[in-house]
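In what follows, a single structure is set out as structure tokens and then discussed.
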Amino acid sequence: MSNKKEREKRREERLAEEAKASSGDRRTRLLQIGAGAVFVAIIVVVVVIVIAGSSSDSGGDAENLQEVSQVDSLVQGIPQTKLVLGDTKAPVELIEYGDLQCPVCKAYSEEILPPIVEKQVKEGKAKIIFRNFLIIGPESLPAGAAAIAAGNQGRGWNFLELFYRNQGKENGGYVTDDFIEAVAKGAGVKDIAKFNQERTSKAVEEEANRTTEQAETLGFGGTPSFAIKGPNSNGLELLGTPESSGELEEEIEKVS
Amino acid sequence: MRIPSEANLRRAIAFIAALGVGVATYITIADSGGGSPTCLAGGHGCQTVAESSYSHIAGVNIAIFGIAGYLLLLASAFFVSDYVRLGAFAVALGGFGFSIYLTYLEIFKIEAICQWCVASAVLMTIQFLLNATRLVGYAGTDGDAGNGADDREPDREPEASTA
């Protein structure tokens, strides 16, 4: 009798051990799957962030224009005539010779010029005139010509600012008709047919080439280069490439 | 460190998931009305984020994915099985990873912060921690799916039920 009881007891213990072991196995398996999932998730997040980090640096994406609303709010309410931003009667004129393909011009448009636009230009003290200085390469002309055509519809500075914010790699082949049209639409150019016709016209191309020669005649060798003229300036004064908003502001104050 | 009882973990998971559903639903409704979520402290962060090209995937507002994720997590709190523990952990892990990516976009790409998105990211992080604790603490402590519709001993210690 007692033998039988003992056997039963041992059998029960064995079954309990086995159940415990199988539960332990399952637990180990589940934790392995969980750890594997964490490992995969880390890799996916890192890869996606690396791809996202490198993709938008390339810019020039007609399908995915960035910062349309920021550009709108920067120049909203400021009068524009051709490529002149600000009141045409403003006493000081600050002339920027720039190339839409140039990354330094992009940095100026994003960091150095906005405080001037917000203050001196909005207050009617100064106007900024953009002139094409085509030096980077063959794609500079279609870009610059398009800016002139946008300027003819009063959206020149919207176009310049939006182009810079979506600028691609120099001579990287991104300045296509699609890209130019997307930027024009984002900049609020109303008559796209007229815009397309004008930007490829001889007159507009000649204007872009003429201002390039002008910059060379003035002795500028790189973009952006600035010149200033005001009531207290000695004719047209060459500023070269000032390093900060503060420096430009001082120059404006000096000649006004 | 003592692991909280599974019942308490499930209550916390349900509560946080319900908050998450609320936040994600608010973002979706505010966006679908043509506007954008309102930032509590003013500012245009939410508008900038909502108008950015990153706010939609294939035309679908990403907050919809948030609602789906939180609803799954909410449902998971009502079931006890290893499949549910692992599944909920996977959903929370995916949501957590996605939140890291979205926060990265806000800081480095869009350069604007939307409090509602941050709130969702924080809730998803808590979900991840709760579900990781649930999986590590209770995986293998009961039968397969359907074996226990609810735990009868809500405050039992983990791995103490084999006796």
Here is a list: A:R7, A:R11, A:R27. Which entry is of a type outside the set (S, T, Y), part of a helix (DSSP H, G or I) and crowded, with 18+ Cβ neighbours inside 10 Å? A:R27
Please pick out the residue among B:A145, B:A163 that is facing another protein chain (nearest Cβ under 9 Å), surrounded by fewer than 16 Cβ atoms within 10 Å (Cβ to Cβ), modelled with pLDDT under 80 and in a loop (DSSP other than H, G, I, E, B). B:A163
Which residues, taken from region A:1-31, are more than 14 Å from chain B (Cβ to nearest Cβ) and not charged (D, E, K, R)? A:M1, A:S2, A:N3
Region A:156-203 - residue that is over 23 Å from A:G86 (Cα atoms) and within 13 Å of the chain's Cα centre (by Cα) and, of those, surrounded by the fewest Cβ atoms within 10 Å (Cβ to Cβ): A:K169
Kindly establish whether A:K89 is under 30 Å from A:E249 (Cβ atoms) and assigned to a loop (DSSP other than H, G, I, E, B). yes
Among A:Q153, A:Q167, A:Q120, A:Q214, the single one that is in a loop (DSSP other than H, G, I, E, B) and within 23 Å of A:A90 (Cβ to Cβ) is A:Q153
Could you please find all residues in region A:60-104 being small (G, A, S) and either open to solvent by 60 Å² or more (accessible area, probe 1.4 Å) or touching a residue at least 12 places away in the same chain (Cβ under 8 Å) (or both)? A:G60, A:A62, A:S73, A:G77, A:G86, A:A90, A:G98
Sort out which residues of region A:215-256 are among the polar types (S, T, N, Q) and open to solvent by less than 60 Å² (accessible area, probe 1.4 Å), and write them in order of number. A:T223, A:S225, A:S233, A:S244, A:S245, A:S256
Out of B:L93, B:L73, report the one residue that is modelled with pLDDT of 90 or more and facing chain A (nearest Cβ under 10 Å). B:L93
Conditions: (1) open to solvent by 30 Å² or more (accessible area, probe 1.4 Å); (2) assigned to a helix (DSSP H, G or I). A:I112 meets all but one. Number of the miss? (1)
Quick check on my filter: what residues within region B:69-86 are part of a helix (DSSP H, G or I) and open to solvent by less than 50 Å² (accessible area, probe 1.4 Å)? B:G69, B:Y70, B:L73, B:L74, B:A75, B:S76, B:D82, B:V84, B:R85, B:L86
Subset of region A:128-155 (residues that are without any contact (Cβ under 8 Å) to a residue 60 or more places away in the chain, open to solvent by 30 Å² or more (accessible area, probe 1.4 Å) and touching a strand residue (DSSP E or B) at 6+ places or on another chain (Cβ under 7 Å)): none
From the list B:I126, B:I100, pick out the single residue that is within 14 Å of another protein chain (Cβ to nearest Cβ), open to solvent by 40 Å² or more (accessible area, probe 1.4 Å) and assigned to a helix (DSSP H, G or I). B:I100
For B:P154, only one of the following conditions fails: (1) modelled with pLDDT of 90 or more; (2) touching a helix residue (DSSP H, G or I) at 6+ places or on another chain (Cβ under 6 Å); (3) open to solvent by 30 Å² or more (accessible area, probe 1.4 Å). What is its number? (1)
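The values are calculated or read from the model by the stated rules, or taken from the named source; none is laboratory data. Not measured: the values here are computed from a predicted model. Neighbour counts are summed over all protein chains in view; Cβ atoms, including those assigned to glycine, are modelled from backbone coordinates with ideal geometry. Please note that ligands, DNA and RNA were not included when accessible areas were found on the heavy atoms of the full protein model with its side chains. Shrake-Rupley method; radii C 1.70, N 1.55, O 1.52, S 1.80 Å.
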